[in-house]
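Below: one structure, written as structure tokens.
The values are calculated or read from the model by the stated rules, or taken from the named source; none is laboratory data. Treat the numbers as computed from the prediction; the structure is a model and nothing was measured. In this analysis, Cβ positions are derived from the backbone assuming ideal geometry, glycine residues included, and neighbour counts consider all displayed protein chains. The protein model used for the area step is the full one, side chains on, heavy atoms only, and it has no ligands, DNA or RNA in it. Shrake-Rupley method; radii C 1.70, N 1.55, O 1.52, S 1.80 Å.
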Amino acid sequence: MYVAVKGGDAAIAAAHAWLAEQRRGDKALPELSAAQLQEQLGLAVDRVMAEGSCHDRELAALAIKQARGDLIEAAFLLRAYRNTLTRFPAAEPVDTGAMRVRRRISATYKDMPGGQVLGPTFDYTHRLLDFALLAEGEAPLAPEEAEATGAPMPRVSEILAQEGLMRREPPGDGAPPPDLTRDPLPFPAPRALRLQSLARGDEGFLLGLGYSTQRGYGNAHPFVAELRMGEVEVLITPPELGFPISLGEITVTECQMVNQFAGRADTPPQFTRGYGLSLGHSERKAMAMALVDRALMARDLGEEVTAPAQDQEFVLLHADNVEATGFVEHLKLPHHVDFQSELEKLRSIRARWEAARDGVPEAAE
Amino acid sequence: MTDPGYNFAYLDEATKRMIRRALLKAIAIPGHQIPFGAREMPLPYGWGTGGIQVTASILGPDDTLKVIDQGADDTTNAVSIRRFFHRVAGVQVTTRTAEATIIQTRHRIPERPLTEGQVMVFQVPMPEPLFKLEPRLAETRRLHALGDYSLAQVKLYEDIARQGEGGSAYSHPVMVNHRYLMSPSPIPGFDNPKLHMSPALMLFGAGREKKIYAVPPYTSVVSLDFDDHPFRPVRAPHACAACGSTTSYLDEIVTDDRGGRMFVCSDTDHCAENQMARKAAE
Amino acid sequence: MKPAFTDPVLDAQAGFRALMEAMARPGCVQQVISPPDLPEGLEPAAAAAILTLADAETPLWTDAGEEARGWIAFHTGAPLVAEPASAMLLLNTGATMPELATLQAGEDETPQDGATLIRQVAGLSEGSGWRLTGPGIAHEHRLCATGMPADFPAQWRANAARFPCGVDVVLCAGAALAALPRSVALREGG
Ligand SMILES: [Zn+2]
């Protein structure tokens with residue numbers, strides 16, 4: 001006997017109960033705490049903060065736990081939470097020049113004031129599985145907590161700018177910055193909005209796009225002028241006070257890529273800057289962002305727009321993984337009404353095609 | 001001592017054989033890119049996996065290995081790769097160009113003239129010399145088959161017309177044995193002439209792009225140029241602050257944030273040798 | 001079954017370096033390490049070259065005897081093919097050499113698919129014989145190979161004319177080997 005599928009409520013409740021059970025896993029093993037995730041899966045937490053567009057390590061860790069380690073799902077949870085928060089005045093621009101640097105490298109100079117600071121990095125590690133960690137042995141720890149260096153560290157882009165070789169960014173007009181979360185993106189999008197969009201964009205998508213610019217899809221010749229990671233102070237200026245007060249420190253990763261620009265009749269040949277800034281420690285993201293930022297400047301610089309990474313609409317409308325996962329995954333939703341009409345349409349076209357093939361006059365229909 | 005958990009030089013023997021067969025064909029067809037089944041390596045793509053796979057396939061217990069990055073033995077990536085081979089192959093390592101039988105390099109050719117007993121292994125990020133002009137691999141493969149390099153010539157011509165000089169400061173493409181256009185890897189143009197009729201064998205490995213190519217010893221290697229605009233290698237017009245060399249390729253070092261600069265040899269071994277010779281002469 | 005390399009890893013590495021040097025410096029004679037006890041008809045250099053290069057991915061043609069064929073199949077896993085034209089590697093031990101023009105030469109876009117012919121000859125010596133020029137050779141190099149077909153120089157000219165397509169040849173005598181990559185030009189000595 002045929003029974004139409006019904007009882008959605010019960011099915012959903014059962015599925016969610018099962019999900020909760022799966023999330024917990026084997027109860028013989030201790031449950032993970034959000035604090036453990038924050039401490040021991042810190043880079044996952046940073047990625048979720050960046051793509052969730054919300055600086056809160058504890059909530060990002062909670063989101064990861066709740067999402068069973070699905071980082072896009074976790075970014076989604078955090079983004080959804082963020083939208084419930086009241087928006088305070090815009091913060092002052094963070095001064096990354098005054099960063100308490102934990103890591104700072106330049107690929108363009110062998111040495112420079114402040115030096116190269118490797119910091120905590122996977123670079124130069126051999127990617128061999130460390131079976132000691134599997135045995136739950138403690139890896140040997142750094143002899144002492146590496147302290148952020150106090151030496152002044154001028155930005156490498158400034159060193160080039162002093163020689164007049166760096167394109168000067170057009171000064172701001174003092175108007176409050178546009179806010180991606182309040183108004184939809186206009187096209188062409190100004191750089192401030194492009195950067196906001198890239199900063200919350202999917203790391204994998206930006207990575208692929210940035211990579212494509214290195215492989216000839218977009219005319220990039222990038223150098224990492226500087227990559228720095230550390231703590232910066234967040235300041236706001238409440239209108240009632242009229243002077244900035246500190247909200248505390250956050251960790252950010254900043255990447256400045258320099259790229260050659262051929263120049264135009266009115267502009268000398270010079271270096272241009274691709275800029276990447278990301279919450280937490282996320283170098284891949286900051287670098288990919290800087291590559292894509294530079295590619296998206298093609299239009300402003302009068303360069304030919306030929307590659308996907310240079311196409312504003314293509315990049316900005318597809319970089320958001322919360323949007324993308326929503327739309328891709330919505331294909332799982334029932335579509336049987338649309339599909340039914342599609343089915344009927346196909347049958348009808350098919351009948352006409354078969355009639356034409358067999359030489360039956362259409363009037364026979 | 002070698003790490004007992006891994007085969008000598010890390011790669012398994014079947015992988016080495018595959019790479020070795022590709023290397024022999026690469027040598028027989030100078031400058032032609034040969035696709036090979038590049039493996040995942042314990043270092044990330046773009047950090048020298050192609051060079052490492054080539055080195056791992058040719059390296060033997062009698063070899064002495066030198067690894068440089070940007071000309072220097074003490075740069076972090078060079079140190080890392082040297083350690084890797086010391087760990088997985090237990091071979092002798094050196095910083096002296098003269099003592100090395102295999103020199104794996106990123107972005108430089110040593111200043112000291114190479115000899116017949118030496119093999120250079122270049123780490124190559126983008127093996128295709130035409131990729132900025134034509135990113136599609138199926139198309140560039142066709143152009144190489146036809147020997148049609150008009151795209152590159154037109155680009156060079158346009159650069160000359162616009163900037164008064166042609167070509168790239170680094171990765172400037174070369175014609176090998178009058179047949180194939182080849183990327184010399186991102187070495188400065190200054191090093192391009194060292195590829196021409198070198199006594200040493202030059203092997204190129206691109207891991208991420210999965211290509212191997214080679215320049216045999218004593219092979220014609222000519223930088224792409226025009227008769228009326230010959231290729232001109234450039235170096236910073238200074239003497240090395242450490243050894244006084246006026247002929248070596250120099251690194252520019254920023255000494256303060258008020259425009260202070262100094263210049264020193266990029267080839268650290270060459271610089272040290274010069275300094276030693278100077279001391280001995282005093 | 002007679003054994004293969006005493007040290008399969010390091011002997012293959014040494015064999016490869018000899019082949020690489022030979023290919024990079026055409027006509028320069030190299031010495032190889034070989035298994036101590038070989039099947040009938042197989043000489044040390046040719047045996048080392050086969051152990052170094054052949055495996056399940058290299059269709060192999062040979063005119064060597066039954067014992068040698070069994071030894072190759074067992075130690076390398078190479079599929080033995082009946083037609084020289086289907087082979088990637090050829091081991092030629094007899095007096096008759098397969099015509100170079102009949103072997104795989106690759107295509108314009110994939111010249112690397114050209115075959116490698118390993119041929120045992122009676123003797124190899126430098127300083128007289130063919131005059132070799134081309135990549136790998138500073139000025140001119142001379143190689144004397146005894147036991148080659150009389151029309152080999154003409155076959156080689158036709159092979160070189162197909163460059164970048166073509167066949168590469170490794171000549172072996174006892175524990176010595178020398179190579180002729182397709183890029184090399186060969187003139188008869190005098
Ligand atoms: Zn010096």
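Residues of the stretch B:140-151 that are under 14 Å from C:CYS165 (Cα atoms) and surrounded by 19 or more Cβ atoms within 10 Å (Cβ to Cβ): B:HIS144 alone. The residue list B:ALA241, B:ALA277 contains one member that is modelled with pLDDT of 90 or more and more than 10 Å from the ligand (Cβ to nearest atom), which is B:ALA277.
Within the stretch B:16-52, if we keep just the residues that are surrounded by 24 or more Cβ atoms within 10 Å (Cβ to Cβ) and over 23 Å from C:LEU89 (Cα atoms), the residue that is nearest to the chain's Cα centre (by Cα) turns out to be B:GLY51. Would you say B:ASP62 is crowded, with 20+ Cβ neighbours inside 10 Å and acidic (Asp, Glu)? No. Only one of the numbered conditions (1) away from chain C (no Cβ under 14 Å); (2) under 30 Å from A:GLY119 (Cα atoms); (3) among the aliphatic types (A, V, I, L, M); (4) surrounded by 22 or more Cβ atoms within 10 Å (Cβ to Cβ) is not met by B:VAL93, and that is (4).
Taking every residue in the stretch B:252-274 that is farther than 24 Å from B:LEU114 by Cβ and at the interface with chain A (Cβ under 8 Å from one of its Cβ atoms) and pairing it with any residue that is part of a helix (DSSP H, G or I) and of a type outside the set (Val, Ile, Thr), at least 6 positions away or on another chain, the pairs with Cβ-Cβ distances below 6 Å are B:GLY259/A:GLN162.
When B:ARG39, B:ARG82, B:ARG108 are screened for being touching a helix residue (DSSP H, G or I) at 6+ places or on another chain (Cβ under 7 Å), within 14 Å of chain A (Cβ to nearest Cβ) and under 20 Å from B:HIS270 (Cβ atoms), only B:ARG108 passes.
Does the stretch C:105-123 hold any residues that are more than 10 Å from chain B (Cβ to nearest Cβ) and not hydrophobic (A, V, I, L, M, F, W, C), and which are they?
Step one: of the stretch C:105-123, the residues more than 10 Å from chain B (Cβ to nearest Cβ) are C:105, C:115, C:117-123.
Residues satisfying the conditions are C:ARG119, C:GLN120, C:GLY123.
Scanning for something closer than 17 Å to A:ASN259 by Cα and either part of a strand (DSSP E or B) or aromatic (Phe, Trp, Tyr) (or both), does the stretch A:203-216 turn up at least one residue? Looking through the stretch A:203-216, at least one residue is closer than 17 Å to A:ASN259 by Cα and either part of a strand (DSSP E or B) or aromatic (Phe, Trp, Tyr) (or both). Within the stretch C:6-25, at least one residue is more than 30 Å from C:SER128 (Cβ to Cβ) and assigned to a loop (DSSP other than H, G, I, E, B). Anything in the stretch A:174-202 that is assigned to a loop (DSSP other than H, G, I, E, B) and among the small types (Gly, Ala, Ser)? List them, or say none. Scanning the stretch A:174-202 gives A:GLY174, A:ALA175, A:ALA189, A:GLY201. Taking the stretch B:171-212 as the range and being at the interface with another protein chain (Cβ under 10 Å from one of its Cβ atoms) and open to solvent by less than 10 Å² (accessible area, probe 1.4 Å) as the test, the residues that pass are B:VAL176, B:TYR180, B:ALA200, B:LEU201, B:MET202, B:LEU203, B:ILE212.
So that you can scan it fast, the table gives a plain yes or no per residue for (1) part of a helix (DSSP H, G or I); (2) at pLDDT 90 or above; (3) surrounded by fewer than 10 Cβ atoms within 10 Å (Cβ to Cβ):
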{"site": "A:LEU277", "(1), (2), (3)": "no, yes, no"}
{"site": "A:HIS281", "(1), (2), (3)": "no, yes, no"}
{"site": "A:ALA286", "(1), (2), (3)": "yes, yes, no"}
{"site": "A:VAL292", "(1), (2), (3)": "yes, yes, no"}
{"site": "A:ASP300", "(1), (2), (3)": "yes, no, no"}
{"site": "A:ALA309", "(1), (2), (3)": "yes, yes, no"}
{"site": "A:SER348", "(1), (2), (3)": "yes, no, no"}
{"site": "A:ARG352", "(1), (2), (3)": "yes, no, no"}
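Every test in (1) more than 16 Å from the ligand (Cβ to nearest atom); (2) away from chain A (no Cβ under 14 Å); (3) of a type in the set (S, T, N, Q) is passed by B:GLN163 save one, and that test is (2).
Out of B:VAL154, B:VAL234, B:VAL254, one residue alone is at pLDDT 90 or above and either more than 16 Å from the ligand (Cβ to nearest atom) or within 22 Å of C:CYS165 (Cα to Cα) (or both). It is B:VAL154. Reported count of residues in the stretch A:151-173, each being open to solvent by 90 Å² or more (accessible area, probe 1.4 Å) and either in a loop (DSSP other than H, G, I, E, B) or acidic (Asp, Glu) (or both), is 6.
For B:THR219, state whether it is open to solvent by 30 Å² or more (accessible area, probe 1.4 Å) and either within 16 Å of the ligand (Cβ to nearest atom) or closer than 30 Å to B:SER57 by Cα (or both).
Working: open to solvent by 30 Å² or more (accessible area, probe 1.4 Å): no; either within 16 Å of the ligand (Cβ to nearest atom) or closer than 30 Å to B:SER57 by Cα (or both): yes.
Judged against the criteria, B:THR219 is not a match.
Selection of the stretch C:49-89 for residues being open to solvent by less than 40 Å² (accessible area, probe 1.4 Å), within 14 Å of chain B (Cβ to nearest Cβ) and not in a loop (DSSP other than H, G, I, E, B) yields C:ALA49, C:ILE50, C:LEU51, C:THR52, C:LEU53, C:LEU60, C:THR76, C:LEU89.
Is it fair to say B:ALA206 is farther than 30 Å from C:MET23 by Cα and either away from the ligand (no atom under 16 Å from the Cβ) or without any contact (Cβ under 8 Å) to a residue 40 or more places away in the chain (or both)? Spelling it out, it is not the case that B:ALA206 is farther than 30 Å from C:MET23 by Cα and either away from the ligand (no atom under 16 Å from the Cβ) or without any contact (Cβ under 8 Å) to a residue 40 or more places away in the chain (or both). Every condition in (1) within 11 Å of chain B (Cβ to nearest Cβ); (2) in contact (Cβ under 8 Å) with a residue 24 or more places away in the chain holds for C:GLU126 except the one numbered (1).
Of all the listed residues (A:GLN22, A:GLN66, A:GLN36), the sole one being out of contact with any Pro (no Cβ under 6 Å at 6 or more places or on another chain), surrounded by fewer than 11 Cβ atoms within 10 Å (Cβ to Cβ) and over 20 Å from A:VAL232 (Cα atoms) is A:GLN22. In summary, B:PHE190 fulfils each of the numbered conditions (1) within 16 Å of the ligand (Cβ to nearest atom); (2) under 30 Å from C:SER183 (Cα atoms); (3) in contact with a helix residue (DSSP H, G or I) (Cβ under 9 Å, 6 or more places away or on another chain) with the single exception of condition (3). Scoring A:GLY248 on the criteria (1) closer than 19 Å to A:GLN310 by Cα; (2) touching a residue at least 12 places away in the same chain (Cβ under 8 Å) leaves a single failure, condition (1).
Here B:LYS155 fulfils each of the conditions (1) in the same structural domain as B:PHE122 (by TED's automatic domain parsing); (2) assigned to a loop (DSSP other than H, G, I, E, B); (3) open to solvent by 10 Å² or more (accessible area, probe 1.4 Å) apart from (2). Scan the stretch C:133-145 and tell me whether some residue there is within 14 Å of chain B (Cβ to nearest Cβ), more than 27 Å from C:LEU51 (Cβ to Cβ) and polar (S, T, N, Q). Yes: the stretch C:133-145 contains one or more residues that are within 14 Å of chain B (Cβ to nearest Cβ), more than 27 Å from C:LEU51 (Cβ to Cβ) and polar (S, T, N, Q). With respect to the stated conditions, B:ALA78 is crowded, with 23+ Cβ neighbours inside 10 Å and in a helix (DSSP H, G or I). Looking across the stretch B:257-274, just one residue is β-branched (Val, Ile, Thr) and more than 8 Å from the ligand (Cβ to nearest atom), and that is B:THR268. Scanning the stretch C:21-47 for residues that are of a type in the set (A, V, I, L, M) and surrounded by 23 or more Cβ atoms within 10 Å (Cβ to Cβ), we see that the one that is nearest to C:LEU117 (Cα to Cα) is C:ALA46.
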